[in-house]
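The values are calculated or read from the model by the stated rules, or taken from the named source; none is laboratory data. Bear in mind the structure is a predicted one, so any value in this text is a computation, not a measurement. Neighbour counts are summed over all protein chains in view; Cβ atoms, including those assigned to glycine, are modelled from backbone coordinates with ideal geometry. SASA here: full protein model, heavy atoms, side chains in, ligands and nucleic acids out. Shrake-Rupley method; radii C 1.70, N 1.55, O 1.52, S 1.80 Å.
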Amino acid sequence: MKRYGQLWEQVISWENLVLAARKAQRGKRGRDSVQRFNFGQERELLRLQGQLACWQYCPGAFTCHWIYERKARLISAAPYRDRVVHHALMNILEPILDKHFHPHSYACRKGKGTHAAANRLQHLMQGHRYALQCDIRKFFPSIDYSALKQAFRRLIKDRQVLWLMDLIVDHSNEQEAVLDWFAGDDLFAPLEHRRGLPIGNLTSQWFANWMLDGLDHYITSGLGLGAYVRYCDDFLVLDDDKARLREAAGQIGEFLARLRLRLHEGKLFVRPVRAGLTFVGYRIWPTHRILRKDNIHRFRRRVWWMRQAYAAGLTDWPRVKLRLDSWIAHAHHTDCKLLIGRLSRQWVFQRGTAANVPCSARRQLEQQRQQLPRGEPQQQQARQSQQQHRVPCCPALSLAEGESTRNCTVYGSCERGLESPGCVPEPHFVETRACGRMYVVRPDGSGRFAAEGPIRSLLLKCREAA
């Protein structure tokens, strides 16, 4: 295998550092750490360049938090200046690694990704009867530093670049403990081997792919099983012979043991492809695919929180729209068009708390009365209607001077046009006395009384008190 050298000058060049800073700030320009760095960007980049050139660069401390989606994971965020260094390193290494990586490894590579991996698996399922699905147990916390550094040296021979990669690996924060014994280990061997890469670093994703590149070539070339697809630590092998796949599972386990990794016994199985496979967030069959149920449940919770944030004024409509469009684009790679339409009709975003926070009818009416106090001019209602998006909003109470209490539904403008689910054009409001009952005005100017139950009772009491 060809080894690459004379890369250090490219890594620390001014042009590469500027490009790395531009990549590192994508989607994060509003954060304090990014703004502080960008305020004196030239000075900070020159300082980084000098530290790297003199081998005096030292990574900073991580900011950590746990997430609990399907299982607990420790997410570690490096300081912003360290992320600039990570991008500078990968700007040079990425073309080299991408050329040497297996073509059916789909994680963290341009032109690959989850959708391409799902397409590849579905294509393989149409020509094979059985699938061996494997997952590596606690992959990122289990990555052994000595095995990873050996993989570095099989491809890179530049001493300065190897120093920087070793420095990034050695300054990884403490990960969750993984105690595994392998052949030849004594009692204290798991404690003597340093292991674990932080989930959240750009370099961690590439180094993890680098670690398993030998496995890709071993399965396809060494075992002769070409129907193969891998996304990070989740991979599948397909064949028409079930016994051959079971034998391959044992051989794969032996190969991973040499890297001090272990297959997850609870996620290792051989099954017919007609039963469907779960991979990269989809349930896949040879003829169709659908979204995982937990994916749908998580997104519905996320939409609920976005509605609360939008109602409280903590986010704006363009940001909400980007998140909705992102999930819809992901879901459009499945056969779930009816599900998408049904969910999109439930997305109601409006300013104000009453429409989004579940509460009693009495409390909702009190909140609406606080929005528009007595004596507020009628133009206030028109201003509120300009803040509504996508779907008709809940009733907004207005009290005109010298009039009884009346309640009109405010219809909002739609960002996606009249063809969007739930879109209703703005109506022409008419002056109407409701006499203590809720009066709903339709877009064509007609109306109907709609107040019932506790709301009507409260409105009648308000009229009697007035």
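What translational D, rounded to a whole number of µm²/s, comes out for region 172-221 from Stokes-Einstein when the hydrodynamic radius is the Kirkwood one over Cα pairs, at 10 °C and 1.306 mPa s? The calculation lands on 121 µm²/s.
I'd like the chymotrypsin sites (Phe, Trp or Tyr not before Pro) in region 1-56 restricted to DSSP loop residues with at most 15 other Cβ atoms within 10 Å, sorted by number.
Details: sites: TYR4, TRP8, TRP14, PHE37, PHE39, TRP55; in loops: TRP55.
Sparse-neighbourhood loop chymotrypsin sites (Phe, Trp or Tyr not before Pro): TRP55.
The gain in end-to-end length when the ALA189 to CYS64 segment is fully stretched comes to 42.3 nm, 0.36 nm per residue minus the alpha carbon separation.
With r as the distance between the Cβ atoms of VAL18 and ASP241 and R0 = 51 Å, compute the FRET efficiency 1/(1 + (r/R0)^6) and round to 0.05.
On the way: r = 54 Å, r/R0 = 1.06.
Computed FRET efficiency for ASP241 and VAL18: 0.40.
Between GLU9 and GLU176, the modelled labels are 4.7 nm apart [label points 7 Å from Cα along Cα→Cβ].
Charge tally for THR334 (other residues, Cβ to Cβ under 15 Å; Lys, Arg +1; Asp, Glu -1): +4.
Distant-in-sequence amide contacts of PHE269, defined by a placed amide H-H separation under 5 Å and a gap of 5 or more residues or a different chain, comprise GLN133.
Restriction of the trypsin sites (Lys or Arg not before Pro) in region 168-232 to DSSP coil positions whose beta-carbon has at most 15 other beta-carbons within 10 angstrom yields ARG194.
Rounded to whole numbers, the Karplus 3J(HN,Hα) couplings from phi for region 235-241 are 9, 9, 10, 10, 6, 8, 10 Hz, using 6.51 cos²θ - 1.76 cosθ + 1.60 with θ = phi - 60°, and x at Gly and Pro.
Ranked by the mean number of other Cβ atoms within 10 Å per residue, highest first, peptides 168-178, 312-322 order as 168-178, 312-322. Listed peptides 180-189, 86-95 appear in the order 86-95, 180-189 once ranked by packing, highest mean of other Cβ atoms within 10 Å at the front. Could you sort out which of LYS112/LYS157; LYS99/LYS149; LYS2/LYS99; LYS293/LYS337; LYS149/LYS267; LYS71/LYS293 sit more than 22 Å apart by Cα distance in this structure? Exceeds cut-off: LYS112/LYS157; LYS149/LYS267. With 0.36 nm allotted per residue and the present C-alpha distance subtracted, the TRP163-GLN308 stretch has 47.4 nm of extension available.
When the Kirkwood radius is taken over all Cα pairs of region 74-192, what Stokes-Einstein diffusion coefficient follows at 25 °C and 0.890 mPa s, in µm²/s?
138
Shown in residue order for region 76-86 are the 3J(HN,Hα) couplings computed by the Karplus curve 6.51 cos²θ - 1.76 cosθ + 1.60 at θ = phi - 60°: 10, 10, 6, x, 4, 5, 5, 5, 4, 5, 4 Hz (x for Gly and Pro). Using a cut-off of 15 Å between beta-carbons, work out the net charge of the residues near GLY30 (Lys and Arg +1, Asp and Glu -1, GLY30 not included). Result for the neighbourhood of GLY30: +4.
Based on protein heavy atoms only, region 15-113 ends up with 55 Å² per residue of surface accessible to a 1.4 Å probe.
The trypsin sites (Lys or Arg not before Pro) of region 1-109 that meet both conditions, a loop assignment by DSSP and at most 12 other Cβ atoms within 10 Å of the site Cβ, are LYS2, ARG3, ARG26, LYS28, ARG29, ARG31, ARG70, LYS71.
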